[in-house]
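These notes are about the structure you will find just below.
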Amino acid sequence: MNIVEKIWKTNIKNQLILVLSIFAAVGMFQLGIRNSLPQLVISVTTAIGLDSLIIYKKLKKPFFSTSALISGLIIALALPPGIAWHIPLSAASIAIFSKHTIHIRGRHNFNPANFGLLLSMFIFGTYLAWWGATNTWLVLLLGTLITYRFKRIHLVLSFFITQSILLGTYFVLKGEPFLNSILMINLFFIFVMLIEPKTSPIHRKGRIIYGVLTGAFSSVLIATIPTLDPSVVALALSNLLVPVINSKVKE
Amino acid sequence: MKKSTLLIVAGILLITLLLYGCTRKEHGQEMKPVAEQESAMTEYAEEVELKEREKRVSESDEEYSGNKVNGVREIKIEARQFAFEPVTIVVKKGERVRLIAKSLDVTHGLGIEAYNIDQKLPPGQEKFIEFTAVKSGKFHFHCSVYCGTGHGKMHGTLIVKE
Ligand SMILES: [Cu+2]
């Protein structure tokens, strides 16, 4: 079995970690170590440390949280390069705490990384740079692969189509090219955050509705409040509706 | 077993790229050579020329961006999907800086974390950002409004020289 085959067949979470690490490495190369490494280290160690500690207290067994590693990487890759240390620390802590405290119907409801980013936007007034996507083509390629592995192409497509149509129509009405709507899609967000399995609906049809809703929220936000980061707000709104979707859509 | 193998592979890859990144030469601002015409001049004329040039350089400081207007360094900067122009801004430590920023297409923003600056740039409007360059070094600036797929690579460097 060659290395590619080995990576392809391994655990999905590890594949996502690999993909995010590649994004991080490319971003670091583009922005310089000084602007990128500190927040990666702070965010990842905070998330893993806190999550592992909380789970250890519950299970009384040593635990290494790979999902916290994913959350930590996402947070660091979205926050602005060279940001003050207390913001990745807070965002990662909020992410992990939200995962263990905000539960409706037995699951945690908010995508942890997304929730951490959202609250730090409102608490610290920080903006998001999404520097995990310094190379658009790489994100498109590896993002599609990971989404395929997660079996979530339908979810990404439902978001993609909804936002393209709604925002495209809005652009046309404003006298701008329809295709500009595709240029507004946050690839890092749709391939890495939208597909998160635990905070999206259980059933396929539900996930399509979830994708459509997120795309609609995002389009409205882009059209009305351009200075607000549309993706994280849209995802948090859809996260809130997941219990309703799960109870109504059973296939 | 498989899990740990993959983590090791990821780790090695990351460290390799990290080291690569560390050893990469940062492309700094190239100084423009002052083009000088060689001509036959008397000693006196040469001296006058030299003095005038010194004066001129101290006023426009070719190694720095923009121009000094009433003691403030004014620099024009344009934002569009997905780049800033110029991408490198050079100022002198201690001087007052006024960035005159403008977006040419959609709403962008200019965020300089090290200086706690975040100015939103609605399309077509000139916005003034004033600060004193108290910290020397190379600082990253980034677009501070999500503006599309290339938002992640929309950034530049502020160089504050001693
Ligand atoms: Cu921008």
Open item on the list: Under the rule of at least 5 residues apart or a separate chain, name every residue whose amide H is placed under 5 Å from the amide H of residue B:157.
Closed with: B:88, B:89, B:141
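Trypsin sites (Lys or Arg not before Pro), restricted to the stretch A:83-169: which are DSSP loop and have at most 10 other Cβ atoms within 10 Å?
Numbers: sites: A:99, A:105, A:107, A:149, A:151, A:152; in loops: A:105, A:151, A:152.
Loop-located and lightly packed - A:105.
Which helices, counted as full DSSP H runs in chain A, have an axial Cα extent of no less than 24 Å and a Kyte-Doolittle average of -0.5 or above? List each step's numbers first, then the result.
On the way: long enough: A:12-31 (28 Å, 1.63); A:33-59 (38 Å, 0.81); A:153-173 (30 Å, 1.80); A:204-224 (30 Å, 0.83); A:230-248 (27 Å, 1.24).
Result, helices passing both filters: A:12-31, A:33-59, A:153-173, A:204-224, A:230-248.
Only Cα pairs under 8 Å and at least 6 apart count here; give the relative contact order of the stretch B:89-131 as a rounded whole percent.
Values: 67 pairs, mean separation 19.4, N = 43.
Reported relative contact order: 45 percent.
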Open item on the list: Please give the Cα centre distance for the stretch A:44-104 versus the stretch A:162-208, rounded to the nearest Å.
Closed with: 27
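Could you work out Rg/(2.2 N^0.38 Å) for the stretch A:115-251, with Rg from alpha carbons only?
Details: Rg = 14.7 Å, N = 137, 2.2 N^0.38 = 14.3 Å.
After normalising by residue count via 2.2 N^0.38 Å, the value is 1.03.
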Open item on the list: Please list, in order along the stretch B:142-155, the HN-Hα scalar couplings obtained from phi with the Karplus expression 6.51 cos²θ - 1.76 cosθ + 1.60 (θ = phi - 60°), rounded to whole Hz, x for Gly and Pro.
Closed with: 9, 5, 9, 10, 4, 10, x, 4, x, 4, x, 9, 8, 8
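Place a +1 charge on the Cβ of each Lys and Arg in the stretch B:67-161 and a -1 charge on the Cβ of each Asp and Glu, then give the dipole magnitude about the Cα centre in debye, rounded to the nearest 20. Walk me through the intermediate numbers first.
Details: 15 positive and 9 negative charges, 79 e Å.
Rounded to the nearest 20 debye, it is 380 debye.
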TODO: Could you sort out which of B:76/B:153; A:9/A:248; A:58/A:250; A:13/A:151; A:174/B:120 sit more than 24 Å apart by Cα distance in this structure?
DONE: A:9/A:248; A:58/A:250
TODO: Let me see the pair-distance distribution of chain A: every alpha carbon pair, 5 Å bin width, integer percents in order.
DONE: 1, 7, 13, 17, 20, 18, 13, 7, 3, 1, 0, 0, 0
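Going through the stretch A:19-81, which trypsin sites (Lys or Arg not before Pro) have at most 15 other Cβ atoms within 10 Å and a DSSP loop state?
On the way: sites: A:34, A:57, A:58, A:60; in loops: A:60.
Sites meeting the loop and neighbour criteria: A:60.
So which chymotrypsin sites (Phe, Trp or Tyr not before Pro) in the stretch A:144-219 end up in coil per DSSP with only 14 or fewer other C-beta atoms within 10 Å? Don't skip to the answer; put the middle values down first.
On the way: sites: A:148, A:150, A:159, A:160, A:170, A:171, A:178, A:188, A:189, A:191, A:210, A:217; in loops: A:150, A:178.
Hits after loop and neighbour filter: A:178.
Only the coordinates and a few stated rules stand behind these numbers; no lab work does. Just so you know, these numbers come straight off a predicted model, no measurement behind them. Glycine also receives a Cβ, built like all others from the backbone with ideal geometry; neighbour counts cover every protein chain displayed.
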